[in-house]
Amino acid sequence: MDGQELVKQTLDQIPQANANAKRIVGLIKEGGRITGYQLSDNTFVEKQQAVNMAKQGQIAGVGIAHRGDTEYLKSIPDGSENNNLGNLPSVSPNTRV
């Protein structure tokens, strides 16, 4: 089993993305913790809203994982480090949606 398959096994769910699904392009952080995301259409969403959107196929390239009772998004390994959530820039939205 390669590393990509091992990481995929840590995901609870890998939703099928819709044809018009958005991608995460930035991270909103508060105190070093991710609290939301900037999407490819330049909208900003809270962390739980993004999890719900991903479950509905509205965000591509991510799977759902959990820590305790909290669900969060995790990159689906695709061989590219550039699009991993941990490598995305932090953004500071003036207004949140």
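Coupling constants for segment 33-49 follow from the phi torsions by the Karplus curve (6.51 cos²θ - 1.76 cosθ + 1.60, θ = phi - 60°), and in residue order they are 9, 6, 10, x, 9, 9, 9, 5, 9, 6, 8, 10, 10, 5, 4, 5, 4 Hz; glycine and proline get x. A simple count of charges around L88, restricted to other residues whose Cβ falls under 13 Å of its Cβ and scoring Lys, Arg +1 and Asp, Glu -1, yields +2. Entry note, the chain: the mean residue ellipticity at 222 nm calculated from DSSP H runs of n ≥ 4, each adding -39500 (n - 2.57), is -4500 deg cm²/dmol after division by the residues and rounding to the nearest 500.
Each Lys and Arg adds +1 at its Cβ and each Asp and Glu adds -1 at its Cβ; summed about the Cα centre, segment 3-91 shows a dipole of about 80 debye. Computed over the chain, the quotient of the alpha carbon radius of gyration and 2.2 N^0.38 Å is 1.03. Each peptide among 48-57, 64-73 gets the average number of other Cβ atoms lying within 10 Å of its residues, and from highest to lowest they stand as 48-57, 64-73.
We did not get these values from a lab; they are worked out from the coordinates using the rules stated. Just so it is clear, the model here is predicted, and its values are computed rather than measured. Cβ atoms come from the backbone with ideal geometry, glycine included; neighbour counts cover every protein chain shown.
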